[in-house]
Amino acid sequence: MDIRLTEAEAIALHYYRAAHRDGWSALVQAIADALADLDAVERHAAEQGRLVSHGYARGRLNG
């Protein structure tokens, strides 16, 4: 029988195995990684926003 995991199940299984089958540790690590990724995306978006903002200010025409 071939069992196919969803992407979420495969990720959860990876964390579970990496945590030596400690479900709580796996959950905590998965959440910590997700929060770190979210923080990185937010920092990147903020930086992109500053670049766009400066670009419009430099390209402004008077009159």
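Just so it is clear, none of the values below were taken in a lab; they were calculated from the coordinates. Since the model is a prediction, treat every value here as computed from it, not as a measurement. Neighbour counts run over all protein chains shown; Cβ positions are idealised from the backbone, glycine included.
Here is how the numbers come out for the structure above:
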| read-out | value |
| --- | --- |
| Estimated translational D of segment 1-52 in µm²/s (Stokes, Kirkwood radius over Cα pairs; 10 °C; 1.306 mPa s) | 123 |
| Loop-resident sites, segment 8-52, for trypsin sites (Lys or Arg not before Pro), counting at most 12 other Cβ within 10 Å (DSSP) | ARG21 |
